[in-house]
């Protein structure tokens, strides 16, 4: 993933919630630091894939394979998708982008994801 995509580890004495709305790839040092925290009990990350031309930002969301790697890296017991809602784009962007959307049925077909998927309801809120 490009370095400008941040992820956050929110933790207390007992558990960690890992938030990576665009996905995340750990380097060795980061992974070592994550594993010093309490166990990751919830991962919130995107499952969809979205790529724009390089001059518009390139890869924006890494897709289901990257999500599987995040599940492995964090060792999470549960994950829920985040930031996978419809993207409001106009003009050339929809024509130049490549998007692959995944559903809960796709997670059930992948053993690692099927056993950890937490299907929660949510509503997008815009101000």
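The values are calculated or read from the model by the stated rules, or taken from the named source; none is laboratory data. The structure presented is a predicted model; accordingly, all values stated were derived computationally and were not measured. Glycine gets a Cβ as well: all are built from the backbone with ideal geometry, and neighbour counts include every protein chain shown.
Considering only helices (runs of 4 or more DSSP H) fully contained in the stretch 24-127, which possess at least 2 residues that are at pLDDT 80 or above? Spell out the reasoning first.
Numbers: elements: 28-34, 64-74, 93-96, 104-108, 111-114.
Correct list: 28-34, 64-74, 104-108, 111-114.
Do you know which residues across the stretch 44-74 are in contact with a helix residue (DSSP H, G or I) (Cβ under 9 Å, 6 or more places away or on another chain) and either without any contact (Cβ under 8 Å) to a residue 40 or more places away in the chain or surrounded by fewer than 16 Cβ atoms within 10 Å (Cβ to Cβ) (or both)? Steps first, answer last, please.
Going residue by residue through the stretch 44-74, those that are in contact with a helix residue (DSSP H, G or I) (Cβ under 9 Å, 6 or more places away or on another chain) are 45-49, 52-53, 56, 62, 64, 67-68, 71-74.
Scanning the stretch 44-74 gives 45, 46, 53, 56, 72.
Number of residues in the stretch 1-23 that are assigned to a loop (DSSP other than H, G, I, E, B) and over 20 Å from residue 107 (Cα atoms) equals 11.
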